[in-house]
Amino acid sequence: MASTRSRPLSPHLTIWRWGPHMVVSILHRATGIALSLAGLAILTWWLTALVDGTDAYATFTKVATSPIGLIVLIGLTWSFFQHLLSGIRHLVTDTGAAFEIGINRTLAILTIVGSVLLTVLMWAYLLGVAK
Amino acid sequence: MSLGDSATPLGKARGLGSAKHGGGHWLTERVTSIALLLLGTWLIASLLMLPKLDQRTVLEWLHAPSGALPMALFIIVGFKHALDGLKVVVDDYVHEPGNNFVANLILLFLAIGGGAIALFALARIAFGAVA
């Protein structure tokens with residue numbers, strides 16, 4: 001009956017005051033899931049549409065440039081940059097560096113600022129060129 | 001588990017020494033992430049540098065080895081990284097061994113199947129007649 005005896009648990013999500021490091025940690029997982037499922041599915045659709053002929057590519061373009069399509073693509077662009085930047089942060093902390101509260105917090109905030117900035121720059125350029 | 005066996009998993013493993021393996025998945029995730037840092041930057045830069053994103057322009061870009069080769073690597077490494085990342089998510093939330101096995105099996109088939117579709121489309125573009 002070992003399973004019924006409750007063993008001590010470490011404090012979980014609800015007990016901590018929210019900070020940038022927690023937001024970035026969860027965003028890393030959420031954006032990773034979005035990129036893996038939606039991102040790779042759209043990449044695959046794009047490649048097959050390219051080779052399947054003019055009609056298939058026209059359908060892809062029509063969906064991709066519709067309001068919902070643009071929201072999804074912009075969201076995935078942001079996911080890509082957020083996952084990339086927080087991934088770099090993970091590689092840094094993997095070496096044992098940047099665990100002090102100050103630098104850890106700064107790097108976490110920088111990943112969000114950077115991902116939003118890169119997304120805005122990229123889409124400002126893309127939508128500007130398209131006009 | 002026999003009655004009265006109160007040892008925790010950690011207690012049972014203690015003193016047995018290292019299994020000498022088990023870090024492979026973790027390390028592969030890091031190695032593919034560094035590769036994707038390069039390949040992802042290449043992909044975004046390439047998309048931004050294309051004069052237009054119409055079918056002809058994109059097909060010409062991916063028909064040339066300078067476009068097809070990095071794209072093939074991006075597909076292979078991208079699907080592998082997605083598989084490794086989503087496995088962590090599945091293992092975190094799907095605890096029952098049977099469900100866990102099935103979820104990981106579905107994940108594996110999706111990743112290999114999706115990667116194959118994307119690679120095959122790319123191969124048709126790369127080895128086919130110029131658009």
Can you find, within the range B:83-131, the residue that is nearest to A:HIS28 (Cα to Cα) among those that are in a helix (DSSP H, G or I), free of Cβ contacts under 8 Å to residues at least 12 places away in the same chain and in contact with a helix residue (DSSP H, G or I) (Cβ under 6 Å, 6 or more places away or on another chain)? B:ILE117
Filter pass, A:VAL23 being more than 9 Å from chain B (Cβ to nearest Cβ) and touching a helix residue (DSSP H, G or I) at 6+ places or on another chain (Cβ under 8 Å): yes
Sort out which residues of the range A:47-70 are among the small types (Gly, Ala, Ser) and surrounded by 16 or more Cβ atoms within 10 Å (Cβ to Cβ), and write them in order of number. A:ALA49, A:ALA64
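Rundown of residues vs (1) on the phi > 0 side of the Ramachandran plot; (2) at pLDDT below 95; (3) within 11 Å of chain A (Cβ to nearest Cβ); (4) surrounded by 11 or more Cβ atoms within 10 Å (Cβ to Cβ), yes/no style:
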{"position": "B:ASP5", "(1), (2), (3), (4)": "no, yes, yes, no"}
{"position": "B:ARG14", "(1), (2), (3), (4)": "no, yes, no, no"}
{"position": "B:GLY17", "(1), (2), (3), (4)": "yes, yes, no, no"}
{"position": "B:HIS25", "(1), (2), (3), (4)": "no, yes, no, yes"}
{"position": "B:SER33", "(1), (2), (3), (4)": "no, no, yes, yes"}
{"position": "B:LEU36", "(1), (2), (3), (4)": "no, no, yes, yes"}
{"position": "B:SER46", "(1), (2), (3), (4)": "no, no, no, yes"}
{"position": "B:VAL58", "(1), (2), (3), (4)": "no, no, yes, yes"}
{"position": "B:ALA64", "(1), (2), (3), (4)": "no, no, no, yes"}
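Could you list, in sequence order, all residues of the range B:66-82 that are surrounded by 14 or more Cβ atoms within 10 Å (Cβ to Cβ) and either in a loop (DSSP other than H, G, I, E, B) or without any contact (Cβ under 8 Å) to a residue 40 or more places away in the chain (or both)?
Passing the criteria: B:GLY67, B:PRO70, B:LEU73, B:PHE74, B:PHE79, B:ALA82.
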With at pLDDT 95 or above and either over 24 Å from the mean Cα position of the chain (by Cα) or at the interface with chain B (Cβ under 8 Å from one of its Cβ atoms) (or both) as the only criterion, which of A:GLY53, A:GLY32 stands out? A:GLY32
Would you call B:THR32 within 21 Å of B:ILE117 (Cβ to Cβ), in contact with a His (Cβ under 9 Å, 6 or more places away or on another chain) and in contact (Cβ under 8 Å) with a residue 40 or more places away in the chain? yes
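Yes/no per residue for (1) under 15 Å from the mean Cα position of the chain (by Cα); (2) exposed (fewer than 13 other Cβ atoms within 10 Å of the Cβ); (3) within 12 Å of chain B (Cβ to nearest Cβ); (4) within 17 Å of A:VAL23 (Cβ to Cβ):
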| residue | (1), (2), (3), (4) |
| --- | --- |
| A:VAL72 | yes, no, no, no |
| A:VAL92 | no, no, yes, no |
| A:LEU107 | no, no, no, yes |
| A:SER115 | yes, no, no, yes |
| A:VAL120 | yes, no, no, no |
What's the total number of residues in the range A:109-131 that are under 19 Å from A:ALA34 (Cβ atoms) and in contact with a Lys or Arg (Cβ under 9 Å, 6 or more places away or on another chain)? 1
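The values are calculated or read from the model by the stated rules, or taken from the named source; none is laboratory data. Keep in mind that what you see is a predicted model, and the values were worked out from it rather than measured. Please note: Cβ atoms are built from the backbone with ideal geometry, for glycine as well, and neighbour counts cover all protein chains shown.
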